[in-house]
1. Could you list, in sequence order, the residues of region 35-54 that are surrounded by 10 or more Cβ atoms within 10 Å (Cβ to Cβ) and of a type in the set (Asp, Glu)?
2. If I filter region 72-94 for residues that are assigned to a loop (DSSP other than H, G, I, E, B), on the phi > 0 side of the Ramachandran plot and open to solvent by less than 70 Å² (accessible area, probe 1.4 Å), do I get at least one hit?
3. Condition first: open to solvent by 40 Å² or more (accessible area, probe 1.4 Å), assigned to a loop (DSSP other than H, G, I, E, B) and either modelled with pLDDT under 90 or not hydrophobic (A, V, I, L, M, F, W, C) (or both). Can you find one or more residues in region 112-120 that meet it?
4. Please determine whether any residue of region 15-29 is in a strand (DSSP E or B), touching a strand residue (DSSP E or B) at 6+ places or on another chain (Cβ under 9 Å) and closer than 18 Å to Asp111 by Cα.
5. For Ala125, state whether it is assigned to a loop (DSSP other than H, G, I, E, B) and free of Cβ contacts under 8 Å to residues at least 40 places away in the same chain.
6. If I go through region 61-102 residue by residue, how many of them are closer than 21 Å to Gly51 by Cβ and among the small types (Gly, Ala, Ser)?
7. Could you figure out which of (1) in a loop (DSSP other than H, G, I, E, B); (2) open to solvent by 60 Å² or more (accessible area, probe 1.4 Å); (3) in contact (Cβ under 8 Å) with a residue 24 or more places away in the chain isn't true of Pro62?
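The values are calculated or read from the model by the stated rules, or taken from the named source; none is laboratory data. Fair warning: this is a prediction, and the values are worked out from it, not measured in the lab. Here the Cβ positions follow ideal geometry from the backbone for every residue, glycine too, while neighbour counts run over all protein chains shown. Side chains included, ligands, DNA and RNA excluded: accessible areas come from the protein's heavy atoms. Shrake-Rupley method; radii C 1.70, N 1.55, O 1.52, S 1.80 Å.
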Amino acid sequence: MPISGISHITFIVRDLEQATRFWMDGLGAQMVYDSGEKHFSTAPERFFVLGGVWIAVMQGAPAEHSYRHVAFAVDEVSLPVYEQNLQRLGVHFLPPRPRVAGEGLSLYVYDFDGHLIELHTGTLAQRLDSYRTLSER
């Protein structure tokens, strides 16, 4: 049987309360589970749903900053709203990388534990078209 998609994405965080504010207040995720005092996995955890994707956050020691990231699809009109929500939380924004015309806009933000999250307005098809056009010049 072939892989059918992503099951879930897990982030290791120092502070579950702070991570909850990031995912819910910053990005609009819905919390669907909180392990509380009875955790069934390796550490206390919370589950969120964002854009139909199951996001798990587990308490632990997060990794250092890197460009390794998860990108969520958003529309261009919503991008400034997310930016304002995240600015209110005081998270660290990464400057955008140079873009080619047609590949979409991105907002890069580190959560409180150093995970890089991208909010991206383009699609794979748009990016490939942009790159193809540039290659043909």
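1. Glu45
2. Of the residues in region 72-94, the ones assigned to a loop (DSSP other than H, G, I, E, B) are 74-78, 90-91.
Then keep just the ones that are on the phi > 0 side of the Ramachandran plot; that gives 90.
From what is left, the residues that are open to solvent by less than 70 Å² (accessible area, probe 1.4 Å) are 90.
So far as region 72-94 goes, yes, one or more of its residues are assigned to a loop (DSSP other than H, G, I, E, B), on the phi > 0 side of the Ramachandran plot and open to solvent by less than 70 Å² (accessible area, probe 1.4 Å).
3. No, that holds for no residue.
4. no
5. Values: assigned to a loop (DSSP other than H, G, I, E, B): no; free of Cβ contacts under 8 Å to residues at least 40 places away in the same chain: yes.
In short, no.
6. 3
7. (2)
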